[in-house]
1. Amide H to amide H under 5 Å from residue B:112: which residues, 5+ apart in sequence or cross-chain, H placed 1.01 Å off N in plane?
2. Listing B:149, A:141, A:47 from the residue with the fewest other Cβ atoms within 10 Å to the one with the most, what is the order?
3. If you take every residue apart from residue A:112 with its C-beta less than 11 Å away from the C-beta of residue A:112, what net charge results, scoring Lys and Arg +1 and Asp and Glu -1?
4. Ranked by Cβ crowding within 10 angstrom, fewest neighbours first, how are B:107, A:152, A:134, A:40 ordered?
5. Net charge around residue A:129, counting only other residues with Cβ within less than 15 Å of its Cβ (Lys, Arg = +1; Asp, Glu = -1)?
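No value in this document is a laboratory result; all are computed from the given coordinates. Predicted model only: the values in this text are computed from it and were never measured. So basically every Cβ, Gly included, is an ideal-geometry build from the backbone, and we count neighbours across all protein chains shown.
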Amino acid sequence: MRSQQGRVYALCCHILRDRDEALDLAQEVFVRVWRRLDALEDPERFVSWMLSIARNAAIDHGRRAKARPPAQDIPVEDMGSLADQSGGPAMDAERESDRQMVHRALGRIGEIHREIILLHEIQGLALEEIARMLGLPLGTVKSRTTRARHELAKAVLAEEGGLSA
Amino acid sequence: MSKMNCERAVEILFGAATPDAIERRALDQHLRECSDCADFQSRLESEEVDLLAEVLAQTTASGCERAADQIFAVGGEEPPEILGTHLQRCEHCRALIRARDRTLGVLPQLAVLDPGDVFTARVLARTRVESRSRHWMEYPVEWAYGIAVAIALLMLIPNSPLQGTSQELLSWLRGGEGESPRGAGWAQATVIPLSMFPVEAVREGTRIGGELETETGERATQVSWAFDSFGGHFLDLGGALTERDWEELRPLWREMQCDVRLVWRGIRGQLQAETDRNC
């Protein structure tokens, strides 16, 4: 569980963009995973299966929470990153700055594109897995990935104060 | 004579299509009406135009949009040669490529975030509570009744090895003299809750508690979690509860009170019955 909790929490954080809600939801996801373990047919697909449960739970949670006022977006440093810290303080500062900038840019793009970025670029799921998870043709997922990357790059430029998104 | 669109006009101007007399007249008409195509024709004739760039710009999407399809395509990290001309003169697309390269390197670093030390403990607490409930539910209540009846019968049947055990057990639990194999003192010292309440009362309370425990669904899980959270808070095991925790626990606290009240009501009822009988 410890090896996977960071992934589930990260996915919840990026979708909900609220640390406390993401913590609660990640707990709920693990309880659901534990309850449904018997339903897992292929153990090699555990990660994508678990992330699928997390994604569905986050979407449900987001729908329920829509009536509430929007949560204040959390700075990425408050989430507690476990990413590789090697490379010295200067490199750390640069990486941290890049992470924050990309996290903010993620908040600027649409939900559908953000979902693709989260699953493919961040969590590293194969496009075939994502197509199965979302119930979409592979071609649709590929074109959606292309548009999501484009939108994210424009958002990054906007964050940098360069060209407008 | 039908009107000509820009796409067809550009095809003819490039020499990619050969117009007949009617189409030639339509082109002339179009060039008189469309300043973009007229301008394009004049630049084409003066050889100032970049053919490849113009093809990209004049077809279905703008040059930048078509370039973006190539730049951000899955597996398209190396732009094909055909983009070279566009990229040379388009600062926007060059900036997008720089942003893409910078972003794709950072994204995997966001895959794992630390949820804190309390996380694992909370999840384990919840699954442990459910595991206990599941374990109980694996055995039908009928089995438990059957076993209880069998033991009771064994206690009543003459010459049975368990005959008379119930009286001895009751006496032992109440700290009766000389009946306990470990002595009355041990019973009084260690079985205080049982010696405080008559066995029937404890049994009734346990029965109600058991029914509550075997309740399925979210409510039982949430109440169990609430008990764990409060316990962890007051015993200083799970860290202080945040204001948000309190908000979430408040409705559950009412549920918990309700459970405790039910158990206590059962015990108190039996106590009253016991008192009435004694009087």
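1. Under 5 Å from the amide H of residue B:112: A:82.
2. Working: B:149 10, A:141 24, A:47 16.
In increasing order of surrounding Cβ atoms, one gets B:149, A:47, A:141.
3. Details: positive: A:114, A:144, A:147; negative: A:111, A:115, A:151.
Charge balance near residue A:112 sits at 0.
4. Numbers: B:107 22, A:152 27, A:134 17, A:40 13.
Ordered from fewest to most neighbouring Cβ atoms within 10 Å, B:107, A:152, A:134, A:40 come out as A:40, A:134, B:107, A:152.
5. Values: positive: A:7, A:45, A:55, A:132, A:142, A:144; negative: A:41, A:42, A:44, A:115, A:121, A:128.
Local charge sum for residue A:129: 0.
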